[in-house]
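Heads up, the thing below is written out as structure tokens.
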Amino acid sequence: MQRKLNGVMFVLVAATCAEGARADLVDAFTTGSSVSGTLFASTGQVAVTGGLFDRRQVEISTYLNNPRMKSVDIAGGALSYTVTVASPWAYAVTSWSLSNGRTVDMSRLTSFSFDYSMSAGSVYYDLTVATASGSGFVFSPTAIAGSGTVQISLQDLGAQGFQLSAVDRIIFSLRQFSGAATDVAVTNFSANGVAIPAAGTYALVGLAGIAGRPRRAR
């Protein structure tokens, strides 16, 4: 973006945040929270920063008071799960939204992606994108194991051609743990292509003499 003020050309350029935050992160996982329980537990709505949304909630559930899903901990850029007994009955649901009924413009969205690592076994994940109009797009449960990067395209979501300019909630779930007790870490959970600059990430740079008139001698 360019602006001309008093004969001087100014160029609005994106600058790197002091925290190094990426504008396309759904959640930077730097605002800590933790939840644990024997049957059902929730963090409630937690105010978060560094991502596209400003509220996050994590819910976990196990089966018959057996703490298969021991805990979910968020800190240091990672969403971490601890499962003490592999079980199809253990699951964790993380959801993001904006306060005061606001929405996120994801009309430029190309895909979601995240990195993951597991110490053992396998797990299914699914992803739901909900819009203010009530439309919902669900990526069906898919198994992952070991470590790697997951890419979920608009075609995968079945959302191509639909209006994503007012997304009010993202829901990410892990469920059906199998094989063994395990630790799972999810990082770099991103909405690629959205690229909404965080507040304070722009700098106004003046380029004197590019379009300005010569200054009169005094």
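The values are calculated or read from the model by the stated rules, or taken from the named source; none is laboratory data. None of the values given here were measured: they were computed from a predicted structure. We place every Cβ from the backbone using ideal geometry, glycine too, and count neighbours over all the protein chains shown. Note: accessible area is taken over every heavy atom of the protein model, side chains too, but ligands, DNA and RNA are not part of it. Shrake-Rupley method; radii C 1.70, N 1.55, O 1.52, S 1.80 Å.
Structure summary
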{"quantity": "Total formal charge among the other residues, if their Cβ is under 15 angstrom from that of I152, Lys/Arg +1 and Asp/Glu -1", "calculated": "-4"}
{"quantity": "Whole-number accessible area per residue in Å² for region 99-184, which is evaluated in the context of all protein chains at 1.4 Å", "calculated": "46"}
{"quantity": "Charge sum, other residues only, whose C-beta stays under 12 Å from S80's C-beta, Lys/Arg counted +1 and Asp/Glu -1", "calculated": "-1"}
{"quantity": "Total formal charge among the other residues, if their Cβ is under 14 angstrom from that of T62, Lys/Arg +1 and Asp/Glu -1", "calculated": "+2"}
{"quantity": "Computed E for S165/S34 - FRET, C-beta separation, R0 22 angstrom, nearest 0.05", "calculated": "0.05"}
{"quantity": "Computed lengthening from A47 to S178, 0.36 nm per intervening residue step minus Cα-Cα distance", "calculated": "43.9 nm"}
{"quantity": "Value of relative contact order over region 123-189, rounded to a whole percent, pairs C-alpha under 8 Å and six or more apart", "calculated": "44"}
{"quantity": "Computed label-point distance, nm, for sites A132 and D105 using a 7 Å Cα→Cβ extension", "calculated": "1.2"}
